[in-house]
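Working notes, structure below.
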Amino acid sequence: MSFITRMGTTFSENKNQNKSYIAFFDLDKTLIRANSGVILLRVAYRKNLISVTDILKALWLSFLFRFSLRDTEKIISSMVRWLSGIPERELNELVSEAFEKHLAELVPARAKSEIMLHKSKNALVVILSSALQPVCKCIADHIGMDDIICTELESVEGKFTGLPSGKLCFGNEKKIRLMEYCEKINRHKEDAWFYSDSIDDLPALNVAGHPVCVNPGRRLKNHAVKKEWKIVTW
């Protein structure tokens with residue numbers, strides 16, 4: 001059986017060729033009711049892995065992100081710099097702790113039922129997120145997702161550099177990854193579903209045949225109404 005890996009995307013072509021269609025799900029504020037990066041930072045601070053200055057800077061960036069006061073891609077890039085010098089093993093342990101204490105309970109029941117509905121229709125269910133690979137994997141394993149497409153971090157000799165490996169899975173890059181994934185397993189993007197809460201995901205929402213806006217903010221909700229897209233509250 002052949003496996004393909006590309007910047008956070010790993011899947012079995014032979015197994016997934018038999019699926020009827022693909023349902024993509026964003027992670028933060030969609031599959032979980034929070035920003036996974038902020039939760040990870042708070043756990044890291046309690047374990048003395050980052051300084052007060054680092055946590056304050058991260059919370060400031062989170063504020064800018066929430067109110068779209070700065071370029072979102074630059075904010076996300078800045079928020080992973082605290083990982084510079086952190087061993088891969090340490091991050092995996094940190095993510096496991098954050099998952100057990102916080103993330104696992106933040107998955108809405110409606111999200112789980114939506115995933116099960118798609119799986120009952122022989123769909124491939126995939127996380128498509130700018131969140132970090134270890135976080136996406138924990139959530140994916142917990143709720144039975146088939147695959148993840150996400151942001152991976154650059155590491156040298158087992159330690160992270162604080163930089164992404166390749167492009168951030170964000171904005172237009174999400175659209176590219178969605179289209180490439182559909183092409184790889186020979187499924188039409190017009191048949192694909194994509195669930196997201198964020199206006200930054202418009203490129204991917206626009207190319208998916210079935211865009212769904214989850215708890216959208218004002219800008220995305222207005223856009224969804226004009227486009228007659230499905231809007232859900234979880």
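What follows is calculated from the coordinates using simple rules that are stated; it is not laboratory data. Predicted model, so just to flag it, every value in this text is computed and none were measured. Note: ideal-geometry Cβ built from the backbone for every residue, glycine included; neighbour counts use all protein chains shown.
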Quick one: check the C-alpha center-to-center distance for the stretch 84-124 versus the stretch 148-226, whole angstrom. 17
Under 18 Å Cα to Cα from K167, which aspartates and glutamates show up? Leave out anything in the same chain fewer than 8 places away. D26, D71, E73, E152, E154, E180, D200, D201
Listed peptides 42-48, 188-194, 214-220 by packing density, highest first (mean Cβ within 10 Å): 188-194, 214-220, 42-48
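Say the cut-off is 23 Å between C-alpha atoms; which of K175/K226; K47/K112; K184/K226 go over it?
Beyond 23 Å between Cα atoms: K47/K112; K184/K226.
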When all Cα-Cα pair distances of the stretch 142-201 are considered, the percent exceeding 18 Å is 49
